[in-house]
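Q: Got a structure for you, written out below as structure tokens; questions coming shortly.
The values are calculated or read from the model by the stated rules, or taken from the named source; none is laboratory data. What you see is a predicted model, and the numbers here were worked out from it, not measured in a lab. No Cβ is skipped: glycine too gets one built from the backbone with ideal geometry, and neighbour counts run over all protein chains shown.
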Amino acid sequence: MHFTTLVVLLFLFIAAIDSTQDEEMLLKLVKMLMCDEEFAEIREAMEECSKDQDYSIDLEIYKICGVELSSSDMAGIGNYYCITSIEEIIRDSKCFAKNIKEMGKEEELKQRSKPVEECMKATLDQKKRK
């Protein structure tokens with residue numbers, strides 16, 4: 001479940017990665033999670049748990065960083081990961097982190113991610129038990 005938690009935080013752009021190598025590895029995992037068919041169940045949980053999220057801050061930061069999404073929801077974010085190269089994702093991720101910090105939105109995004117994180121843990125735990 002710790003990996004799932006990290007993924008949720010990453011999608012909400014609050015994860016600050018110190019090393020470029022670690023960042024690349026984590027973003028490759030996120031790309032795999034968002035795009036590989038074997039992780040469809042996790043994607044469904046992410047979409048379900050985040051459907052009521054306010055993405056206005058995220059969308060503003062995407063625009064500032066020159067990223068256009070196919071839709072303004074988790075599916076749009078997933079599509080971004082699937083069609084974008086790791087190199088571009090790393091570049092964009094650095095831009096996201098910089099702008100979040102400059103806007104003073106780190107704590108707000110952390111707080112906003114907690115209900116999504118809890119929902120995903122509960123949903124995936126429930127599916128494991130079945």
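Q: Looking at residue 69 and the list (1) within 19 Å of residue 32 (Cα to Cα); (2) in contact with a Leu (Cβ under 9 Å, 6 or more places away or on another chain); (3) touching a residue at least 24 places away in the same chain (Cβ under 8 Å), which single condition is not satisfied?
A: (3)
Residue-wise test of (1) at pLDDT below 85; (2) closer than 22 Å to residue 23 by Cα.
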| residue | (1), (2) |
| --- | --- |
| 97 | no, yes |
| 106 | yes, yes |
| 115 | no, no |
| 123 | yes, no |
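Q: Let me ask another. Suppose we keep only residues that are of a type in the set (Asp, Glu) and at pLDDT 90 or above within region 69-95. Which one would you say is surrounded by the fewest Cβ atoms within 10 Å (Cβ to Cβ)? Let's see the steps before the verdict.
A: So in region 69-95, the residues of a type in the set (Asp, Glu) come out as 73, 87-88, 92.
Of the ones still in play, those that are also at pLDDT 90 or above are 87-88, 92.
Details: 87: 10, 88: 13, 92: 19.
Going through the qualifying residues, I end up with 87.
Q: Contact list please: Cβ distance under 9 Å, first residue in region 95-115 and under 15 Å from residue 55 (Cα atoms), second residue acidic (Asp, Glu) and surrounded by 18 or more Cβ atoms within 10 Å (Cβ to Cβ), pairs at least six apart or on different chains.
A: If the second residue must be acidic (Asp, Glu) and surrounded by 18 or more Cβ atoms within 10 Å (Cβ to Cβ), the pairs left are 96/58; 109/58.
Q: Considering only region 38-53, state which residues are over 15 Å from residue 126 (Cα atoms) and in contact (Cβ under 8 Å) with a residue 40 or more places away in the chain.
A: Once the filter is applied, which keeps residues that are over 15 Å from residue 126 (Cα atoms) and in contact (Cβ under 8 Å) with a residue 40 or more places away in the chain, region 38-53 yields 50, 53.
Q: For residue 20, all conditions in the list (1) over 21 Å from residue 112 (Cβ atoms); (2) at pLDDT 85 or above hold save one; what is the number of the exception?
A: (2) is the only condition that residue 20 fails.
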